Each structure stands twice: as C-alpha cells, then as structure tokens.
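K.L.:
Pasting a structure below so you can have a look.
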Amino acid sequence: MNPLEISDAALTLGGRILWSGLTLTVRPGEFVAVLGANGSGKTSLLRAILGQLPLDAGEIRVHGRPVTRGDRAIGYIPQQRVMPAGTALRGRDLVGLGLDGHRWGPPWPSKAKRERIDELVAAVGAEAYANLPVGVLSGGEQQRLRVGQALASNPSLLLCDEPLSSLDLHHQRGVAELIDQGLHERGTGVVFVTHDINPVLDMVDTVLYLANGRFTSGPPETVLTSEVLSDLYGTPVEVIRSGERVFVAGIPEFPHHHDGEVVA
C-alpha cells in the first residue's frame, strides 16, 4: 500500500487556483521534494494532506484511506521556529509530545514511554541536551528534537514544511540526514517542502514543482531543466548546474520569488 496517493486534486484559496489536476503517488521509502515560488501552494498541499484544507476536486488517500485530521500514520515537521529563551519544556518532553500530544489531559508516565523517548533522543543525537529546557537550545538542536517528535509514532508518511529554514549549512545537512536515515528500511514516504533543494538533492527521488496553478513532477534531473521550467512558467528560466549544486534564474516575480539556488 502506498503511503500517499493524490488523484486529480484541485485547491483554490482567495479565489485563486493554487493547483488543479494534481496527481502524485508517494511510494514506500520515496523522498519527494516539493518546490515552487512563494504562494504556489506548497504549504497548502501539506495542510490538505493533513486534512486541514478541503479540496475543491479530486481525492487524497493515505495508505488507501481517505485523508482525515489527526491521522497517526502521518508525521509532521513544521517550519522551523526557535522557541523563546524562557521556554521551560525539556527537550525530551518535546519529543514525548509525538507519543501523547494528541491526547487530552496531562501525559501519563510509563516505563515503555520513557524507553521510547530515550530511543528517539538517541536516534536524533540529542542525548547531550535532552534534559535541558528547549528555550536554551539552538535552532538546530530544537529541530533535531522535532524530527524525533515526528518519528515517535512510526509514521508511514512524513510531511516536512521547510524544516531546514533558518539553519546554518552544517545543521541543514544534519537534520536532512536524520529525516532520510532509515527511510527506505522503514518504508516511510517523505514529502519535503523546501526553498533550496541542494541540501537534500542526493536524497530526492522525485521533484514536484508547483507554479501558477500548474505542476510538473519527475526525477530531479528531468524536472530541474531550463526547458521544463520555462514551459511551466511560460517564460525563459535558466537552470545552472555547478558541481553537485543547482541554481535557477529568471523565475517571474509573481508569486514572490528570489533568484538564486533552487527556491520554492
């Protein structure tokens, strides 16, 4: 059973078509990067998969089931936001929210839960600061803990909304590797929204590129070309490859976009 199947989906917000006719299958262990200019509907796509936005047409199925809010088969890593310095929640407690954050009332302590949190903390390399308040941790450390939180329920589908934003290059690579680690063995499908594909380029199986209500998808070497993106935007777009990095120039200013490394 595929972790995610999207069939002929359409979504309109504020009278503007974000995308229509969108069809995508995410297979077990597949890493899908979602690119596109600001306002192209990348985060809205994740919200639709999470059951937070109803489609105007089409269907989304997670493991063969119609999408519903609060599906425990879905892990979610939100956009990186550094928690205030005064936040007293411990790192391990943040991870633990992935186990019982969906339940009402205070969490119930148990040996099994403590062992599972210890396992997740070790998996993301956060042992050294797991008992510290998250407010004193760096953005990269906090994001590692969020990865642990997202993996707590052993999801079959992992949604990542620009999880590398605001992180330096070292932490970008570290967090990306944590997300990709064991992906194929677990059979977890990943949908990874990003402004810059370069930190994860060698991990990506499929690129979904959204633009002006249209989309294209396929392997990175097929989608990230001048010809394909020029056709998608209806204007000349230049894709430059330098070593193992990809740069895009000439994307129209509407929706908002800054030229440079592949951004979405």
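The values are calculated or read from the model by the stated rules, or taken from the named source; none is laboratory data. On a predicted model such as this, the values are computed, not experimentally measured, just so you know. Don't worry about glycine lacking a Cβ; one is built from the backbone with ideal geometry, like all the others, and counts go over all protein chains shown.
K.L.:
Does Gly148 meet the test of being surrounded by 18 or more Cβ atoms within 10 Å (Cβ to Cβ) and part of a helix (DSSP H, G or I)?
P.N.:
Spelling it out, Gly148 is indeed surrounded by 18 or more Cβ atoms within 10 Å (Cβ to Cβ) and part of a helix (DSSP H, G or I).
K.L.:
If you don't mind, another one. Does region 239-264 hold any residues that are exposed (fewer than 15 other Cβ atoms within 10 Å of the Cβ) and either within 20 Å of Ile17 (Cα to Cα) or at pLDDT 95 or above (or both), and which are they?
P.N.:
Pro252, Glu253, Phe254, His256
K.L.:
So, of the residues in region 23-50 that are farther than 25 Å from Asn198 by Cβ and touching a residue at least 40 places away in the same chain (Cβ under 8 Å), which turns out to be farthest from the chain's Cα centre (by Cα)?
P.N.:
Pro28
K.L.:
Please specify each residue of region 113-131 satisfying the condition of being more than 24 Å from the chain's Cα centre (by Cα) and touching a residue at least 40 places away in the same chain (Cβ under 8 Å).
P.N.:
The answer is Asn131, and nothing else.
K.L.:
Considering only region 167-196, how many residues are within 12 Å of the chain's Cα centre (by Cα) and hydrophobic (A, V, I, L, M, F, W, C)?
P.N.:
7
K.L.:
Shifting gears a bit: Does region 51-66 include one or more residues that are in contact (Cβ under 8 Å) with a residue 24 or more places away in the chain and either out of contact with any strand residue (DSSP E or B) (no Cβ under 8 Å at 6 or more places or on another chain) or over 29 Å from Leu232 (Cα atoms) (or both)?
P.N.:
Scanning region 51-66, I find at least one residue that is in contact (Cβ under 8 Å) with a residue 24 or more places away in the chain and either out of contact with any strand residue (DSSP E or B) (no Cβ under 8 Å at 6 or more places or on another chain) or over 29 Å from Leu232 (Cα atoms) (or both), so the answer is yes.
K.L.:
Can you report the number of residues in region 218-231 which are touching a Leu at 6+ places or on another chain (Cβ under 9 Å) and over 12 Å from Leu208 (Cα atoms)?
P.N.:
Matching residues across region 218-231 total 0.
K.L.:
Can you tell me which of Gly86, Gly135 is surrounded by fewer than 19 Cβ atoms within 10 Å (Cβ to Cβ), touching a Gly at 6+ places or on another chain (Cβ under 7 Å) and part of a helix (DSSP H, G or I)?
P.N.:
On inspection, the qualifying residue turns out to be Gly135.
K.L.:
Follow-up. What number of residues in region 161-211 are small (Gly, Ala, Ser), surrounded by fewer than 19 Cβ atoms within 10 Å (Cβ to Cβ), within 30 Å of Ser230 (Cα to Cα) and out of contact with any Gly (no Cβ under 9 Å at 6 or more places or on another chain)?
P.N.:
1
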